[in-house]
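What follows is a single structure, written as C-alpha cells, with notes after it.
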Amino acid sequence: IDYSLKTLKDVRRQIRRDTFIGAGIAIALTMALLGWFCRRSTNALAEATVFARALDKEAGRTLQVTRSNSELEQLGEALNRTSLRLAEQQQALRMASDRMQAVLQHAADAIITVDENGNIESFNRAAEIIFSYTQATILGQTLQTLLPQIPQGNLLAEFLKTTGVRRDGLRFPAELSISEFYLLDQRKLIVIVRDITERQQAEEKIYQLAFYDSLTNLPNRRLLLDRLRQTIAHTARHRRYGAILFIDLDDFKVLNDTQGHNTGDLLLMEVAKRLEDCMRSGDT
C-alpha cells in the first residue's frame, strides 16, 4: 500500500482498489482451478462413457482409473469388474456355441431349422449329404422343397414317415420329427430328418426271408398257413367257398439223383414262374 498519499480519503480509496484487485486475482485463480478440476473430471467421465459403450464389443478391456477422485475411482473399478464378467460370459457362450455347432455338424441325421413361415434358416452337414443341397443353395427356400408332403400351413403335423426329395428329384423314404422353440420371441422350428432307405430295404429283406422261399420266391409254409387261416375266416364269414390245389412233380427225386440238384433247382424255378403267370393277383 502506498502510504505516501496525503489524505485519509486517498488512503481509503487506495486500500479499496488494492482489495478489489486482490479479490479479482483470487477469484480468477479459483475459477482456473475449478475449470481444471472440472475438465479433468469431465475427461474421466467421458473416458468411462466411451469405455462402457465399447464393452459389448470389447469385453475384457480395462479402464485406467484415476486416483484423484474417489467416486471416479469406484466407477472405474466397477466398470472393470463388469468388463471382466462380460468377457467370461462371452467366452462361455462362444464355447457353448462351438460345442453345439460341432454336435450339429457331426450328427448322422439331417437337422434343419426354419422360421414360422417354413423358410429354411440353417442346414447341417448331414442334411447336405441326404438331400444333395449345399447350405448356400437351400437357405431361404421353403421346407416343402425337401419334404413336399408336409402341408404349407401345418408344419407341426405329425409325419412320422414321409418322402424326401433330393436335389436331382430322386425320392427316398424318410422319418422325421418337428418341434418348436422360441428365439428372442420369434417362433422357430427344428426339423430332424432321417433317411430310412437302408433300414426299409433291410426290413423288406427280413420279411422276404421270413415268408418267401429263397429259391422260387413263392410263399413258404409260414406265409401259406397264415393266408390259409385268413381265407378260411373270410369264406366262413361270407358263406363262400375257397379252393386249395395240391400239385406234385412226378419223378422229381429221380431228376435230382440223375441230373443233380442244380438241375432240380432250375426245374422248380421254371414251374414256379409258369404257375405265377397263370394265377390271378389275389391268389396265393
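The values are calculated or read from the model by the stated rules, or taken from the named source; none is laboratory data. From a predicted model like this one, the values you see are computed outputs, not experimental measurements. Cβ: placed from backbone, ideal geometry, glycine included. Neighbour counts: every protein chain shown. In case anyone asks, the SASA skips ligands and DNA or RNA and just uses the protein heavy atoms, side chains included. Shrake-Rupley method; radii C 1.70, N 1.55, O 1.52, S 1.80 Å.
Among the residues making up segment 219-239, a single one is touching a Phe, Trp or Tyr at 6+ places or on another chain (Cβ under 7 Å) and of a type in the set (A, V, I, L, M): Leu223. Condition check: within 30 Å of Glu128 (Cα to Cα) and polar (S, T, N, Q). Does Gln230 satisfy that? Taking the combined requirement at face value, the residue does not satisfy it.
Would you pick out the residues in segment 138-151 that are under 19 Å from Arg171 (Cα atoms) and surrounded by fewer than 13 Cβ atoms within 10 Å (Cβ to Cβ)?
Pro151
A count restricted to segment 106-124 and to residues that are touching a helix residue (DSSP H, G or I) at 6+ places or on another chain (Cβ under 9 Å), open to solvent by 10 Å² or more (accessible area, probe 1.4 Å) and part of a strand (DSSP E or B) stands at 3.
Does Gln144 qualify as being under 17 Å from Ser122 (Cα atoms) and outside any loop (DSSP other than H, G, I, E, B)? So Gln144 passes the test.
Residue check: Ser83 meets all listed conditions (1) among the hydroxyl-bearing types (Ser, Thr, Tyr); (2) open to solvent by 40 Å² or more (accessible area, probe 1.4 Å); (3) modelled with pLDDT of 65 or more but one, namely (2). Screening Gln101 with (1) surrounded by 13 or more Cβ atoms within 10 Å (Cβ to Cβ); (2) in a helix (DSSP H, G or I) gives one miss only, at (1).
Within segment 174-193, the residues that satisfy the criterion of being exposed (fewer than 13 other Cβ atoms within 10 Å of the Cβ) and part of a strand (DSSP E or B) are Ser179, Glu180, Phe181, Tyr182, Leu183, Gln186, Arg187. Of all residues in segment 224-245, those that are part of a helix (DSSP H, G or I) have Cβ atoms under 9 Å from Cβ atoms of residues that are open to solvent by 80 Å² or more (accessible area, probe 1.4 Å), 6 or more apart or on another chain, in Leu224/Thr284; Arg227/Thr284; Leu228/Ile244; Leu228/Thr284; Thr231/Ile244; Thr231/Thr284; His234/Arg240; Thr235/Tyr241.
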